[in-house]
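Derivation of every value follows stated rules applied to the coordinates shown; laboratory data play no part. Since the model is a prediction, treat every value here as computed from it, not as a measurement. As a convention, Cβ positions derive from the backbone with ideal geometry for all residues, glycine included, and neighbour counts pool all protein chains shown.
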Amino acid sequence: VTDLLLADATLASGERADVAIVRGSIEAIRPAGSATAAARRIELDGALLGPAFVDGHLHLDKCFTGVRWRPHRPAASLAERIALERELLHEADEELPRSARALALLRQIVAFGTGHVRSHVDIDPSSGLSNLHTVLELRERMRETIGIQIVAFPQGGILSAPGTADLLDASLREGADVVGGLDPATFDGDREGHLDVVFGLASRHGAPVDIHLHEAGLVGCATMRAIAERTVALGMQGHVAVSHAFALGCVDELALGRTLEALREAGIAVMTNGPGGEDSMPPVRRLRAAGIAVFAGSDNIRDAWLPYGNGDMLERAMLIGYLEGLYTDADLAVAYELATADAARVLRIDRYGLAPGMRADLVAIAAVSVAEAVATHPARTLTVHSGRVVAPLRDDPPAGDPG
Ligand SMILES: [Zn+2]
């Protein structure tokens, strides 16, 4: 018996269809109007139905969601920013506990149709594993609503904050899935030393790697080639990602070509959030054409680093498309892929996609096509996770409502 029937959906192909869900999976996709008995039937009235969004990079432990607006405070350096963040987070903690703020953010992004996230979580000697414990509890609590992958992230560096390597090790034993890293050459000032720890942990725990890399120019390119070398040496092709990779957007053709070749050979994926200001975005189409997986993430959402963001992955796809100059329907579909199938592949989410046998993690969008959805990021009318309706819930405000 069909548990849930999503009737009269528009598929990415433009066809109208009924989607039948049984025990959390898509059982069948039939032409709209096919008679199917179901325990529950929801009329989509032609809304676009797609797989739930995948946010490949955010920070659940940093957000100011659910507390009063905090004016952005400038910082002169990365170290100053990190110190300022500690202060601002403690202030916000007094207004609302960190776990409640992260929960508010998760509920907000579920309403925007996100079904899976990769969250970096700060691990440092001053806070120990407390952020990890907060996010592990949330992951358990929200297990039936959203999938959460956890990166043990050394926000204060590894070598510059003695004790961090052991804490990262403990994080992986306690439930973190991925080893993080941060600007090995420019923050820790010891590219090889930093990567020794990151890849040592990855190989000991059999864990993938996702490194924040803000390093610009040739320094950033050299770090990417060092990451690629270690990835190949350990046979970790397809299990390593570089987040941001600003360097790829600001070097000459020779350096770009060499670095893309190294990334491709090592099967390294690149995450972008469509950065603005002084940060440069990697050339997305160029990377894809070179055979490199590119995926999208929100990164900072209303926190001490950035006042912007709400976690809407369609809006994120639009931002990346806007910066990259993606205008045709085919190009806009590329932006959509970055926040859906491409991100799902990097995060290795099993049975992802809108097809029979796949997980029923779905979102309905008030648009007639993928291109329109990306260009206008309209309202989400329904989010389903493992075959359960998770938004809107009866007491939810409409998606996008800041209240
Ligand atoms: Zn980040």
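Numerical summary
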item	result
Among Val294, Gly325, Val219 the positive-end extreme of the charge dipole of the chain (Cβ point charges)	Val294
Kirkwood Rh in Å, taken over segment 121-161 so that all alpha-carbon pairs contribute	11.0 Å
Computed magnitude of the charge dipole of segment 64-149 (debye, nearest 20; Cβ of K, R +1, Cβ of D, E -1)	320 debye
GNM result for the chain, Cα springs below 10 Å: residue of Leu136, Leu84, Leu332 fluctuating most strongly	Leu84
Share antiparallel - DSSP beta bridges, the chain, percent rounded to 5	40 percent
From the C-alpha gyration tensor of segment 145-198, square roots of 5λ in Å	22, 12, 8
Label zone at Ala104 (point 7 Å along Cα-to-Cβ), backbone N below 14 Å, segment 60-87	61-71
Size of charge dipole - the chain - debye, nearest 20, with Cβ of Lys, Arg +1 and Asp, Glu -1, no other charges	860 debye
Gyration tensor over alpha-carbon atoms, segment 127-277, equivalent ellipsoid semi-axes in Å	26, 17, 15
Dipole of the chain [Lys/Arg +1, Asp/Glu -1 at C-beta], most positive-end residue of Leu129, Val368, Met271	Val368
The chain: relative contact order as a whole-number percent, Cα under 8 Å and 6+ apart	21 percent
Efficiency of FRET between Glu192 and Thr328 - r from beta-carbon atoms, R0 45 angstrom, step 0.05	0.55
Radius of gyration and Dmax over the Cα atoms of segment 247-317, both given in Å	13.5, 37
Student exercise, segment 120-277 dipole from Lys, Arg, Asp, Glu Cβ charges, in Debye to nearest 20	280 debye
5 Å binning of all Cα-Cα separations within segment 177-261, expressed as whole percents from 0 upward	3, 16, 28, 25, 17, 7, 2, 0
GNM top mover of Gly128, Gly325, Gly267 - the chain, alpha-carbon springs below 10 Å	Gly325
3J(HN,Hα) from dihedral phi, segment 340-348, Karplus parametrisation 6.51/-1.76/1.60, rounded to Hz, x for glycine, proline	10, 4, 5, 5, 4, 5, 5, 7, 6
Kirkwood hydrodynamic radius (C-alpha pairs) into Stokes-Einstein, segment 1-117, 37 °C and 0.692 mPa s, D in µm²/s	187 µm²/s
Along each principal axis, Cα extent of the chain, largest first, Å	64, 50, 39
Given charges at Cβ of Lys, Arg, Asp, Glu: segment 52-119 dipole, positive-most of Gln108, Leu89, Trp69	Gln108
